[in-house]
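The values are calculated or read from the model by the stated rules, or taken from the named source; none is laboratory data. Values in this document were obtained by computation on a predicted structure and should not be read as measured data. Don't worry about glycine lacking a Cβ; one is built from the backbone with ideal geometry, like all the others, and counts go over all protein chains shown. Quick note on the areas: whole protein, heavy atoms, side chains included, nothing else; ligands and nucleic acids left out. Shrake-Rupley method; radii C 1.70, N 1.55, O 1.52, S 1.80 Å.
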Amino acid sequence: MLVFIIRRLMQAVVVMVVMSALVFGGIYLVGNPVTMLISDQASEAERLAVIRDLGLDQPVWQQYLTFVGKAVVGEFGKSFRAGEPAMQLIFQHMPATIELALVAMLLAVLVGVPLGMYAGLRPDSLRARGIMTVSILGFSLPTFWVGLMLIMLFAVALPEWIPGWPRLPSSGRGPTVDILGLKLSIFTAQGWLHLLLPAATLALAKGALIIRLTRAATREVLPMDYVKFARAKGLSERRIVGVHVLKNIAIPIATVTGLELGQVIAFAVVTETIFSWPGMGKLLIDSILLLDRPVVVAYLVVIVFFLVMLNLVVDILYSVLDPRVRLEAQGR
Amino acid sequence: MSDAASPTLELADLKTHFFTRDGVVRSVDGVDLQVGAGEVLGLVGESGSGKSVTGFSILGLIDPPGRIVGGQVLYRGEDLVQASSARLRALRGRNIAMVFQDPMMTLNPVLRVDTQMIEAIRAHEAVDDATARRRAVAALTQVGIPSPEARLRSYPHQFSGGMRQRVAIAIALLNKPDLIIADEPTTALDVTIQGQILFEMRKLCQETGTALIWITHDLAVVAGLADRIAVMYAGRVVEHGATAEILERPRHPYTHGLIGSVPTRGHRGQALFQIPGMAPSPLRLPQGCAFQPRCTRAVAACAAMPDLQEIAPAHQARCWNPVP
């Protein structure tokens, strides 16, 4: 297992080196930061001084090495806008995003797996067809539209039509509590209310995907001999579905859930923008708009590292769920 | 031998049909069989003859679009076709156990062997974990698995095919059933393992008085195992009788052909006998006797389905013009 983890970490390093070259090329070479940073009225001498200061007079490969050297120790420069180190900004915004993503995925799994299993067990029932129709809507509807509709319904229309209907907050994350230096919303009631709409927006699409995946996996497992054998042993339907089927479909569900969680954390940009959720996605959009390049680079590096780590966790989880994978890992 | 007065299991005119999009498949179309305590019945037929469906019908394990459409499955006089699903669940694994064909697919790959054995006991009896575990060890010992305590903690993929089938048989034996239905359990195994398992199953039935229905396409397998043989073709029993009688004096042309197609030492260098033609499509069975288009002895009467009739003492065949 240790060898397996070490090998994966080495793969992660390779991915990050390749990625950093791409990001570097994309961000620093495609556009010239000098035109951004120096006013048009600056003299030629001032221009050259700034270019030398930024190291832009050096050849590309040397610039890249300097960039990598600094990146290794977490130095991605300071945000043009805030004047703070880029990394610090990102870590300040990270808890909000991770919190939102975790709640959304939890919601998606808790709703998606039971509904998907139901649809897989009774594929011809009216309810199963209903579930599948809704799931198609769930992942076909664009996130921004769903978010806006939820805001309209729960923050505007319903509270107005029905007196006493609670108005759900549609912007920001509400009061936060400091836990181990992280600002979290999930420990206050107001924080939960603020989480509801953005989490529901994200969970709808992800939940729909999990419903379809669970249904397909259930339909695949049910005709297996070991399910029939479990019936022949006289097991109750509850045990067959809850243990024999669930344990087998957990493998693909865990894989997809892990990868989707990474997607939500990395690219919750749209949802965070709609709900003014002060997470990393919002930070990224603001930074791109203001051409705050150090923040963009730092963000992408962090996200790639994060996704690689998440993949590692999924792989480890996979071997926990599937004993056959475990043996192969030991054998090597 | 069978106690005709109270057989453990009796099938009376059992009919299991599959309602597919292309039409109705009469997989089992009027099967009468019985098996008594300590007796081994060999149910022989080629693929699609309905022998496995017969086995699954007994336990009510027919999946849609299949359905038992007629007849009775009498277990100690109780008709299981009419039984509630709760009653069937209570009987499955406790009174009637089943062993499947492919040992690689029978055990759940993500559950340890002890989990799969203990749940089979506790589905039927409120016993504590330690007692259930002891019984699991005893069952594994019975089927000849070395160091059973250690093997209990293994996953199925850590066993070979033969060992997995032994585990499956051990699971079938756990609750000491009166009837075991074995659906080609040795087909996927190599010949030496097959021999061992046949020997042990035979011994177990004799010792415990368990009735055994052994489903197979291989006459050689049942020759040394079964007390009686029933040969199935296109959803019906076409010949039935004591093993020696069937093997030495087959009367139905199909059985005759089957036995003739088994290679023996005396035939070295000669072409094996082949039954001409192919098994008919289950959707379009011929009128009358289903074997008639392939039969070398067909006569005009074969246009009507013959009954299974006594052709010699304790020997029935479904044929108008049996082999003399």
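Key figures for this structure:
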| item | result |
| --- | --- |
| Complete set of residues in segment A:71-118 that are in a loop (DSSP other than H, G, I, E, B) and acidic (Asp, Glu) | A:GLU75, A:GLU84 |
| Residues located in segment B:88-100, provided they are more than 8 Å from chain A (Cβ to nearest Cβ) and assigned to a loop (DSSP other than H, G, I, E, B) | B:ASN95 |
| Of all residues in segment A:235-272 being outside any helix (DSSP H, G or I) and open to solvent by 30 Å² or more (accessible area, probe 1.4 Å), the one that is nearest to A:LEU222 (Cα to Cα) | A:SER236 |
| Test for A:TRP61: is it more than 27 Å from A:ALA203 (Cα to Cα) and in a helix (DSSP H, G or I) | yes |
| Among the residues listed as A:ALA157, A:ALA189, the single one being farther than 27 Å from B:ASP183 by Cβ and open to solvent by less than 60 Å² (accessible area, probe 1.4 Å) | A:ALA157 |
| Subset of segment B:302-324 (residues that are of a type outside the set (A, V, I, L, M, F, W, C), in contact with a Phe, Trp or Tyr (Cβ under 9 Å, 6 or more places away or on another chain) and either open to solvent by 60 Å² or more (accessible area, probe 1.4 Å) or touching a residue at least 60 places away in the same chain (Cβ under 8 Å) (or both)) | B:ARG318 |
| Scope segment B:146-164; condition away from chain A (no Cβ under 12 Å) and either in a helix (DSSP H, G or I) or crowded, with 23+ Cβ neighbours inside 10 Å (or both); matching residues | B:PRO148, B:GLU149, B:ALA150, B:ARG151, B:LEU152, B:GLY161, B:GLY162, B:MET163 |
| When residues of segment B:104-145 are limited to those that are over 25 Å from the mean Cα position of the chain (by Cα) and among the small types (Gly, Ala, Ser), the one least open to solvent (accessible area, probe 1.4 Å) | B:ALA132 |
| Residue match in segment B:29-52 (condition: within 14 Å of chain A (Cβ to nearest Cβ) and more than 24 Å from B:HIS124 (Cβ to Cβ)) | yes |
| Lone unmet requirement of (1) away from chain B (no Cβ under 14 Å); (2) on the phi < 0 side of the Ramachandran plot; (3) open to solvent by 60 Å² or more (accessible area, probe 1.4 Å) for A:GLY164 | (2) |
| Restricting segment A:206-232 to residues that are open to solvent by 10 Å² or more (accessible area, probe 1.4 Å) and facing chain B (nearest Cβ under 10 Å), the residue that is farthest from B:ILE180 (Cα to Cα) | A:VAL221 |
| Subset of segment A:100-130 [farther than 16 Å from A:ILE253 by Cα and buried (at least 19 other Cβ atoms within 10 Å of the Cβ)] | A:LEU100, A:ALA101, A:VAL103 |
| Answer from A:ILE251, A:ILE285, A:ILE240 - the residue that is more than 14 Å from every other protein chain (Cβ to nearest Cβ) and among the hydrophobic types (A, V, I, L, M, F, W, C) | A:ILE285 |
| Considering residues of segment A:273-332 that are outside any helix (DSSP H, G or I) and either buried (at least 16 other Cβ atoms within 10 Å of the Cβ) or of a type in the set (Gly, Ala, Ser) (or both) only, the residue modelled with the lowest pLDDT | A:ASP292 |
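Every residue, every condition in (1) of a type in the set (S, T, N, Q); (2) over 21 Å from B:ALA188 (Cα atoms), yes or no:
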| position | (1), (2) |
| --- | --- |
| B:MET104 | no, no |
| B:VAL110 | no, yes |
| B:ASP114 | no, yes |
| B:ALA123 | no, yes |
| B:ALA126 | no, yes |
| B:ASP129 | no, yes |
| B:THR141 | yes, yes |
| B:GLY144 | no, no |
| B:PRO148 | no, yes |
